[in-house]
1. Find the Rg to Rh ratio for the chain, where Rh is the Kirkwood radius over alpha-carbon pairs and Rg uses the same atoms.
2. By how many nm would the segment from N324 to E14 lengthen if fully extended, with 0.36 nm per residue of separation less the alpha-carbon distance?
3. Between I149 and T297, what is the spin-label point distance in nm, taking each point 7 Å from the Cα along the Cα→C-beta axis?
4. Let's test the formula: R0 of 41 Å, r as the Cβ-Cβ distance of E361 and E49. What FRET efficiency results, to the nearest 0.05?
5. Contour minus end-to-end for I290 and S167, with contour as 0.36 nm per residue of separation and end-to-end as the Cα-Cα distance?
6. Along the charge dipole of the chain, Cβ charges K/R +1 and D/E -1, which of V344, N21, M217 sits furthest on the positive end?
7. For the cross-link pairs K129/K209; K209/K334; K71/K106; K255/K332; K255/K354; K231/K346, which exceed 19 Å when the distance is taken from alpha carbon to alpha carbon?
8. For the chain, what is the mean residue ellipticity at 222 nm derived from helices alone (per DSSP H run of n ≥ 4: -39500 (n - 2.57); sum divided by total residues; nearest 500 deg cm²/dmol)?
Amino acid sequence: MKPIGLYIHVPFCERKCPYCNFFSTTKITNEIVDRYTDIICNTLVKYKEKIKLSFDTVYFGGGTPSLLGDKNLIKIIKTIKNNFKLFGSEITLEINPTTLPIVNLKQLREEGFNRLSIGVQSTIDRELKTLGRQYSQKDIKNTIKLAKIAGFTNISLDLMLAIPEQSIKSLKQSINFFISQDIQHISAYLLKVEKGTLFYKNKNKLNLKNENEESEMYLFLVSELTNNGFKHYEISNFARNGYKSKHNLKYWNSKDYLGIGPSAHSFLAGRRFYYQRSLQKFLSGNSEVIYDGKGGTIEEYIMLRLRLSDGIKNNLFKQRFGINIPQIYFEKAKNFQKYGLTVVDKSSIKLTNKGFLLSNELISRILL
């Protein structure tokens, strides 16, 4: 098999952010963290025994993966290195400024971690407070500085849009800070109030943005970042030349990846499957892997590729499926071109920045 992506989910957090719906827990001890690490390593070894795999990207996501600490992070990386081939791997670790004291970035860099994704969200104190984040702009700046001193030259920052207290002015302040830090990648997400979160419970009390305000902020962000040398390559992602997230591109290009940990999803050999959202079952070794149907279909490929600024290209489509892009998709996509939502030519279909704001609706109408 060609090298695939590996995702390790770490469901531990110091506190639960009021907007977050990812699977995580704050009820952790050293014993639980060590046990979790052992289960991850044992699971990796079992996969080696079942199927021949190699990886070219590894991504530690969460939760807050840095809460595993140096010892456990290094143990997992060494297990991967000892059991699988790694080809020019991009190895990413998500961290928060508040967990910096428990990880030695220099040591992690020496062990093979070469990309950091820092959960910033905003640089404005009142916005950080609204989001339940326990750090300041000074802490963010210090985290980036220490990462560079440790030898990291591929750093991504997360930015959130449409925060209740946010304005175009405060968004510009965060963007300017990001640009000033000479980092390589920015992931920017519109706030989505989801069921099961504290924000959802209190949504009537929050000063949430309307669709017009969200659109204004998103298009402002796109303009500011592209004017400052960032390529807008996916709905929510921007990168300097040569620094697109190789791991995340596997998702959008419908390529194989293996996910390990409660709630982690996989796409392997045409099958999609995921682990139950239960830390207890995962720690006991009894977590069920749930089959989620066939993957890699034409419709799924189109849906995922339309999240990319390059969209669907006929040469890549034909290379994968052996046929040209069906004409019906061109015809449907052309219906939205006059509104400035799509760009269609003889060999490709893509969404514009305005189209990205309506991506779910547009993709559904193109496919159905």
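No value in this document is a laboratory result; all are computed from the given coordinates. Keep in mind it's a predicted model, so treat the numbers as computed, not measured. Note: ideal-geometry Cβ built from the backbone for every residue, glycine included; neighbour counts use all protein chains shown.
1. On the way: Rg = 20.7 Å, Rh = 21.7 Å.
Dividing the radius of gyration by the Kirkwood radius yields 0.95.
2. Contour length minus the Cα-Cα distance gives 106.6 nm.
3. The modelled label-to-label distance comes out at 5.3 nm.
4. Working: r = 45 Å, r/R0 = 1.10.
For E361 and E49, the calculated efficiency is 0.35.
5. Length gained, I290 through S167: 40.0 nm.
6. The listed residue farthest towards the positive side: V344.
7. Numbers: K129/K209 17 Å; K209/K334 31 Å; K71/K106 13 Å; K255/K332 26 Å; K255/K354 27 Å; K231/K346 24 Å.
The pairs that break the limit, which is 19 Å between Cα atoms, are K209/K334; K255/K332; K255/K354; K231/K346.
8. Details: 15 runs with 145 residues, N = 368.
The per-residue figure over the chain is -11500 deg cm²/dmol.
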